[in-house]
């Protein structure tokens with residue numbers, strides 16, 4: 001992928017558009033499993049808010065009874081249970097209010113426990129399911145996606161879901177209960193003044209609807225720009241050595257500045273909309289509070305406005321003011337919840353868009369575990385291309401007897417590594433078939449196929465951790481002696497012993513603390529420890545010196561003596577003793593045979609051998625021109 005691709009649009013836009021009702025899917029797929037903590041959170045929210053609403057109501061009763069000489073009465077409490085004296089009534093009121101605060105604190109705790117348990121479990125399940133789905137996608141998916149984009153989904157997007165499920169859901173039910181409860185109390189106290197207090201509600205609803213329509217596409221753009229920024233940062237940090245060696249720090253700083261500016265612009269666009277919306281809601285809410293205070297205050301003073309009738313006691317007015325303030329501000333806070341919901345919606349689209357990405361490799365439901373007996377491998381007219389336009393390898397046919405070693409050689413970009421990736425079923429063939437001991441790979445379970453094969457790539461990857469952890473990766477719970485033996489066969493034991501902490505030495509991210517040759521030998525030890533039925537070596541010794549390669553080759557001869565082995569090598573001296581050498585050019589087999597047979601044919605293999613022997617002057621001009629054309633084509637494809 002070219003570096004300019006990082007500035008492209010959201011790579012998940014196409015899959016996001018196919019996601020239907022992502023938030024409903026989130027609750028249906030993950031929420032139901034945790035319905036118990038959800039119920040605890042919901043019920044606790046209801047009870048806690050009801051208890052929160054009691055103090056102003058009790059205060060109104062106390063004011064009117066003690067100072068306004070009204071009858072002291074409480075809802076749902078028989079009058080015979082109530083004391084007669086004003087002091088006793090005051091202390092009863094204080095006791096009930098204190099009890100409401102105490103019990104309310106308990107329910108606030110259970111409410112928070114319920115919502116946090118609900119949201120944290122869903123966050124964990126969504127992240128692990130998304131990762132599990134992602135790692136099971138075939139390799140061409142990762143060729144089209146930047147690591148930063150994928151990290152953005154697994155980290156930022158999943159975290160946004162958690163924030164909505166915890167803070168957003170918690171606040172939604174808390175405010176909904178508060179609004180409904182206060183509305184019921186206000187209408188029961190004075191329905192005329194309650195209507196005045198509710199004047200801002202339809203205005204707030206209208207502004208909220210417009211806010212949703214405007215902010216939703218802006219948040220989607222923010223999520224896209226975050227992924228692009230993460231991709232650029234991940235790409236640059238991974239290539240920091242190249243940047244320093246090329247003295248391009250200023251150039252890369254400018255490129256980071258560009259993508260950061262894109263994120264800044266998208267985020268500030270959303271922020272600009274948001275910071276206009278919320279103060280507007282507060283202004284509308286404040287005007288409603290002022291209107292209620294004016295109308296209610298004049299009413300208490302005996303000057304009701306217009307058609308207002310009846311009386312309004314001082315205690316009721318105080319309660320009205322307290323409840324109206326509690327009622328109007330929650331209405332404004334609904335905008336914050338909607339804001340969180342829209343962010344979570346945009347994130348859930350990306351998450352489920354990734355989950356719904358189809359894989360080109362689908363395991364047959366009737367697939368059986370692969371049983372390797374002899375290790376006989378057959379490629380039967382195999383054709384494959386990474387897209388529908390051009391085949392990378394075409395009409396590949398050859399057989400390997402069990403226990404034999406076959407070498408694949410040819411110019412760079414000829415398709416050798418692709419042939420081996422098809423054997424590992426990293427991709428599925430477009431035409432033809434690959435069989436192991438008579439079983440089509442598509443009829444075998446993928447885990448059993450991969451377990452039967454050991455693969456050492458030319459692009460060695462080590463995980464952050466110790467040398468020991470990297471050698472035993474994929475073959476866990478083995479004894480230290482087995483790890484050491486594998487390292488010895490890979491000619492890695494001596495240099496490992498010289499590391500600061502031996503096998504417990506941390507290798508750094510991607511094995512950065514080790515040389516290329518050391519990383520390659522650890523990867524080789526990993527494959528040896530696995531003891532696979534079929535071994536694939538893709539330029540497995542390309543980064544080691546000649547003497548080390550000789551020692552490794554001696555160990556490999558022992559390792560490959562009784563197992564089927566495929567070896568890709570540009571250094572032809574390492575494969576000249578193979579039982580069969582298959583020569584590939586432009587995705588097709590052009591020659592095959594033993595080393596001696598191919599030299600006698602004086603074809604492509606003989607010329608490649610001559611190049612490595614230093615006999616360049618004896619090569620025909622046609623061969624040199626073809627090599628130049630192949631090199632130019634390979635570089636063009638890399639740039640694309």
Original post:
Exactly one of (1) at pLDDT 75 or above; (2) under 20 Å from the mean Cα position of the chain (by Cα); (3) surrounded by fewer than 18 Cβ atoms within 10 Å (Cβ to Cβ) is unmet by residue 238. Its number?
Top reply: (1)
**OP:** List every residue pair whose Cβ atoms lie under 6 Å apart, where the two residues are 6 or more positions apart in sequence or sit on different chains, the first residue falls within the range 337-357 and is in contact (Cβ under 8 Å) with a residue 60 or more places away in the chain, and the second residue, located anywhere, is not in a helix (DSSP H, G or I).
**Re:** 349/19; 350/12; 352/19; 353/12; 353/19
**OP:** Could you please give the count of residues in the range 457-483 that are more than 17 Å from residue 507 (Cβ to Cβ) and out of contact with any strand residue (DSSP E or B) (no Cβ under 7 Å at 6 or more places or on another chain)?
**Re:** 8
**OP:** Tell me which of these residue 195 doesn't satisfy, since it passes every other one: (1) surrounded by fewer than 19 Cβ atoms within 10 Å (Cβ to Cβ); (2) under 21 Å from residue 291 (Cβ atoms); (3) touching a residue at least 60 places away in the same chain (Cβ under 8 Å).
**Re:** (3)
Original post:
Given 204, 214, 177, which one is surrounded by fewer than 22 Cβ atoms within 10 Å (Cβ to Cβ), part of a helix (DSSP H, G or I), without any contact (Cβ under 8 Å) to a residue 60 or more places away in the chain and in contact with a helix residue (DSSP H, G or I) (Cβ under 6 Å, 6 or more places away or on another chain)?
Top reply: 214
Original post:
Looking at the range 423-441, which of the residues that are within 32 Å of the chain's Cα centre (by Cα) and at pLDDT 90 or above is farthest from residue 141 (Cα to Cα)?
Top reply: 441
Original post:
Checking residue 111 against (1) surrounded by 15 or more Cβ atoms within 10 Å (Cβ to Cβ); (2) at pLDDT 85 or above; (3) within 26 Å of residue 351 (Cα to Cα), which single condition isn't satisfied?
Top reply: (3)
Original post:
Just checking, which of 139, 189 is surrounded by fewer than 20 Cβ atoms within 10 Å (Cβ to Cβ), under 30 Å from residue 358 (Cα atoms) and in the same structural domain as residue 339 (by TED's automatic domain parsing)?
Top reply: 139
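The values are calculated or read from the model by the stated rules, or taken from the named source; none is laboratory data. On a predicted model such as this, the values are computed, not experimentally measured, just so you know. Reconstructed Cβ throughout: ideal geometry from the backbone, glycine too, with neighbour counts over all protein chains shown.
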